[in-house]
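Working notes for the structure below.
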Amino acid sequence: MVPSNVATETKTGTSKADVPALVFRHLSKSFGGAKALDDVEFHVDRGEVHGLLGQNGSGKSTLIKVLAGYHDPDNGELEIYGRRIPLPLVPGEYLKYGLGFVHQNLGLVPSLTVLENLIAGALATKARWYIDWRAEAERALETFARFRLDFDPDAIVGALPQVQQALLAIVRAFEEIRAGAAEHGTPGILILDEPTPFLPREGVERLFELIRDIVSHGASVVFVSHDVDEVMEITDRATVLRDGKVAGVIGTKGAERNDFIEKIIGRRIDLFTTERVDRSASEVTAHVAGLTGGPIANLDLVVHRGEVVGLTGLIGSGYEHVPYLMFGARPASGGTLALNGLLLSLPAMNPYWAVQLGIALLPGDRQGASGVGTLPIEDNVTLPVLDWFRRGLGLERRGMRAGAAALGQAYEVRPNRPDLNLDSLSGGNQQKVLLAKWMQSNPDLLLLDEPTQGVDVGARQAVFKAVRAAADQGLAVICASSDHEQLAAICDRVLVFARGRVVSELTGNNVTKDRITEQCYASATLQG
Amino acid sequence: MIVIVIAVILLVAALILTVLQERGTTGSSPIIGGAPRGMRAISLPPSVRSAQGPRFWTEAYWAANWKTLLQRFSIFIAYALLLLAFALASPAFFTWSNHTNVWFSTAAIVVMSLGLILPLTSGDFDLSIASVMVLSAMMVAALNVWQGWPVGLAILAALAAGALVGAVNAFFIVYFRIHSLIVTLGVGTLINGVVIWFSKSNTISNVSFDLAAAMYERVFLKVPNNVWYTVIVAFALWYFLEYTAPGRRLLFVGRGREVARLAGIRVDRVRAGSLIACSMIAALAGVMYVGMTGSAEPINARAFVLPAFAGAFLGATCIYPGRFNPWGTLIGLYFLATGVNGLSLVGLPSFIQDLFYGGGLVIAVTLSQIVLKRQQQNF
Ligand SMILES: Nc1ncnc2c1ncn2[C@@H]1O[C@H](COP(=O)(O)OP(=O)(O)OP(=O)(O)O)[C@@H](O)[C@H]1O
Ligand SMILES: [Mg+2]
């Protein structure tokens, strides 16, 4: 497949080395007066993994959505493999140029099956009068086998865990550029908008293997991530955006971690580190006994006042279910929770009671479970605390807006405009809003699932600080996360899961990124 | 008297919505030991000047918002154009009495359409409202004329029947998780049958004159009272949806059911409450309908379904675009009715009503989408 591409290219007379895969020039796009992209130059070479970095709201997704034909740019030129492409692109047109996307929100239809989602692109653009579902299903199974994944083509996507949804979106993008390559003879450009927050470490490694593989065949990859370590590991060069302008282009080789962070933020920052305190002597806030449900079997867990407990493990270890089971968001089949002098039956728990009893849950699924994109920020933020704004029979709307603005300021939401729809914030800023939504209600027990997915380096420090500060005030926190650096930054204690059980516990000086990663893998081999 | 009825029904509807959402314990409390804690008192966070968009009525404000403003109030422009066109075409059209008559005869549908906003906002359809309206009208007439009940009592019975139908809808939709379109289509058709059966297809006339007077008298601004009732209902709904906590919750249940559930909202109760309230308001529309015509006939209710939905969806394109909203619905429906009236005055046959309601809805929604550059509609 690849050699024939080279042949077609040479026939058209372009020399392979100096024609970049993708070039944007003078790209600008504004939303109601605010410039999301301002005269941006963006070059991606052939066979290159190109990082696209920047703080939340710096314009990364906007650039990508212009390529996908989702936004009309105000201005700009686009060249793909040396060919001038008129802007704006029509949605779906990108398939013609051998592009494939994984969008920040994955872009899957939750109510459709795995198979329907997988072939959505082909269905959307080709006139096909007969779909041979059996053959499609077989092809899909072959594809999944090639990616060493075990998917049921008939499963409903919305019912899959986030990790699998992310993998599906990635597989689909790879398939799109493969199809494009076979049909149009271009090596293809894969565009990944923050694919890794949903993936645990070994998923990220699988993804990187796949990336290296297609790059070695001449394809190019655009890679968006807030994780500087990942960027340094996989990219060859990186373009850094700041406030919609290009802040610089960095060659990864020879650059240091801090070089990236400084370019992204525009100044040096101190990374947040916590004083780990042994809280085992302080008062117990929550005591889970015998929790059983989903993959979790008979879990005992104690959280003390002011303690941050991390839960982690490999894919399938089940740790990410614990917050939902405790909150009554997913049905537990057994277990009790002692909280604030009450003994609660977990199978009878439901979100209404959880909230009444002083528990808060920040779900990992931002779009589906955490906030409503088509409603204003102020409404989203005030939803759990509407009672505060009661005035007689009604609500004090002005107070709601002021409250939302105050929170936005505290959590560095940019732009801090509570009247805008949640959708119009960048992904990371949405996450800050949703964290603030729950932190404000002053719960006794805070349950977090991937709290900083997609939050930029600078803001991540702010979130860490907020969680720690609340913990120091007596809040007990349980944080399920596959981001070991984050766990190391905020947790007093980390529990590593395998097959639904806690297999090891790290405390004190053992709570480091490397130790956590090591324990995750050790647990896997240990359990066979 | 009817004002009191309206006030009562709105209060009851609001109570149902609120009580279901907030009071009482769920059947299965998770507490199996210890004593419940009282709610913690938390004070309002300090207010801070928020970073706002451009100031009101400055040039920058206009530049940034003219499209939205145009869309919000486009219905008035359309109304004005319509008035102008028909005023030129027909002299009988441009008189105060003609307009108030048009409003008068549309009022019942307006109330029904306003009630429909509740379940639409919380994410359910209710196709049975028109049948409930006819049922309620027939019950008032039958109890008052055939059974000799005082009209007030007959009205209360009709409202209770409306609430009952809402509860039946809610039971199938929420408890058995059947799609609302299916349930309400079935229940609506069933009610139709029941009405024709118990009335033996007889029209019942000579309903209490008090009720008729309460509708057509013109106490204020020479506008019939029943038009003012629609304004009262619209105001109450607007206040409920915009300024009360249960109203906010309704919106979240409609837009993001899982988000609402995880925020501790009892989604099922919210949905049930809005379905019951909607049916009660449809029954109120039925009461108004008997008063307006002085009689009730077991007509096929289906003819009222489209206007009611047209009102709700047309309303969602203006005043607060993108949301079902009472003021948009109210004005939208009076606009459509005025158009139909104008067309019939210039001598077009009566099927023109369907053309105008159906075509008008599609055209109006399309125009508003053009202004917004074809963004996805999210209600
Ligand atoms: N549909 C929209 N309407 C209005 N403003 C928007 C819209 N989409 C994006 N913006 C604004 O454009 C800017 C750039 O957003 P973008 O999503 O490109 O950021 P990003 O770099 O991808 O950030 P993140 O890392 O948080 O995903 C932000 O200020 C955002 O608020
Ligand atoms: Mg983004």
Some residue of region A:381-397 being closer than 20 Å to B:R261 by Cβ, facing another protein chain (nearest Cβ under 7 Å) and touching a strand residue (DSSP E or B) at 6+ places or on another chain (Cβ under 6 Å): no
Residue match in region A:376-392 (condition: over 25 Å from A:V467 (Cα atoms) and within 12 Å of ligand 1 (Cβ to nearest atom)): no
Selection status of A:A354, within 7 Å of another protein chain (Cβ to nearest Cβ), over 29 Å from A:T62 (Cα atoms), in a helix (DSSP H, G or I) and not hydroxyl-bearing (S, T, Y): yes
Residues that are at pLDDT 85 or above and of a type in the set (A, V, I, L, M, F, W, C), drawn from region A:499-525: A:V502, A:V503, A:L506, A:V511, A:I516
Pick from region B:253-305, criterion outside any helix (DSSP H, G or I) and of a type in the set (D, E, K, R), ranking: nearest to the other protein chains (Cβ to nearest Cβ): B:R266
Only listed residue being more than 16 Å from ligand 2 (Cβ to nearest atom) and touching a Gly at 6+ places or on another chain (Cβ under 9 Å), chosen from A:N416, A:N429: A:N416
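When the residues of region A:22-45 are filtered to those that are among the charged types (D, E, K, R) and farther than 20 Å from A:S225 by Cα, which remaining residue is farthest from ligand 1 (Cβ to nearest atom)?
The selected residue is A:R25.
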Per-region count, region A:215-229, residues in contact with a helix residue (DSSP H, G or I) (Cβ under 7 Å, 6 or more places away or on another chain) and crowded, with 17+ Cβ neighbours inside 10 Å: 8
Those residues of region A:398-413 which are over 15 Å from A:S441 (Cα atoms) and at the interface with another protein chain (Cβ under 9 Å from one of its Cβ atoms), in sequence order: A:R398, A:G399, A:R401, A:A402, A:A405, A:Q409
Members of region A:261-301 found to be free of Cβ contacts under 8 Å to residues at least 60 places away in the same chain and of a type in the set (S, T, N, Q), listed by number: A:S280, A:S282, A:T292
Which numbered condition A:A145 misses (of (1) assigned to a helix (DSSP H, G or I); (2) at pLDDT 80 or above; (3) surrounded by 15 or more Cβ atoms within 10 Å (Cβ to Cβ)): (3)
A:E202 vs. criteria within 16 Å of ligand 1 (Cβ to nearest atom) and either in contact (Cβ under 8 Å) with a residue 60 or more places away in the chain or of a type in the set (S, T, N, Q) (or both): no
Those residues of region B:202-252 which are assigned to a helix (DSSP H, G or I) and within 10 Å of another protein chain (Cβ to nearest Cβ), in sequence order: B:Y239, B:F240, B:E242, B:Y243, B:A245, B:P246, B:G247, B:R248, B:R249, B:L251, B:F252
Criterion: under 22 Å from the mean Cα position of the chain (by Cα), modelled with pLDDT under 80 and among the β-branched types (V, I, T) - qualifying residue of A:V114, A:V163, A:V157: A:V163
Options A:D483, A:D456: the member that is within 16 Å of ligand 1 (Cβ to nearest atom) and in contact with a helix residue (DSSP H, G or I) (Cβ under 7 Å, 6 or more places away or on another chain): A:D456
Checklist (1) within 28 Å of B:E217 (Cβ to Cβ); (2) modelled with pLDDT of 95 or more; (3) not polar (S, T, N, Q) applied to B:F94, failing item: (2)
All helices (runs of 4 or more DSSP H) inside region B:96-185 with 2 or more residues being farther than 19 Å from B:S199 by Cα: B:96-121, B:151-170
Tally, over region A:31-72, of residues that are acidic (D, E) and farther than 22 Å from A:G266 by Cβ: 3
Region A:44-67: number of residues that are more than 10 Å from ligand 2 (Cβ to nearest atom) and without any contact (Cβ under 8 Å) to a residue 60 or more places away in the chain: 1
Residues of region A:423-453 classified as in the same structural domain as A:E283 (by TED's automatic domain parsing) and within 13 Å of ligand 1 (Cβ to nearest atom), total: 2
Checklist (1) at pLDDT 90 or above; (2) closer than 21 Å to A:A436 by Cα; (3) among the hydroxyl-bearing types (S, T, Y) applied to A:S345, failing item: (2)
Those residues of region A:308-351 which are in a helix (DSSP H, G or I) and either free of Cβ contacts under 8 Å to residues at least 24 places away in the same chain or more than 14 Å from every other protein chain (Cβ to nearest Cβ) (or both), in sequence order: A:Y319, A:E320, A:H321, A:V322
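Can you work out which of the residues in region B:193-233 that are more than 20 Å from B:P298 (Cβ to Cβ) and hydroxyl-bearing (S, T, Y) is surrounded by the fewest Cβ atoms within 10 Å (Cβ to Cβ)?
Filtering region B:193-233 for residues more than 20 Å from B:P298 (Cβ to Cβ) gives B:209-210, B:213-233.
Narrowing the set further to residues that are hydroxyl-bearing (S, T, Y) leaves B:216, B:229-230.
On the way: B:Y216: 15, B:Y229: 25, B:T230: 26.
My answer is B:Y216.
With A:I359, A:I377 as the choices, which residue is more than 7 Å from chain B (Cβ to nearest Cβ), β-branched (V, I, T), crowded, with 19+ Cβ neighbours inside 10 Å and in contact (Cβ under 8 Å) with a residue 60 or more places away in the chain?
Unique residue meeting the criteria: A:I359.
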B:G328 without any contact (Cβ under 8 Å) to a residue 40 or more places away in the chain and either more than 14 Å from every other protein chain (Cβ to nearest Cβ) or part of a loop (DSSP other than H, G, I, E, B) (or both): no
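The values are calculated or read from the model by the stated rules, or taken from the named source; none is laboratory data. What you are looking at is a predicted structure, and each value in this text was computed from that prediction instead of being measured. For neighbour counting, all protein chains shown are included, and Cβ atoms are generated from backbone atoms with ideal geometry for every residue, glycine included.
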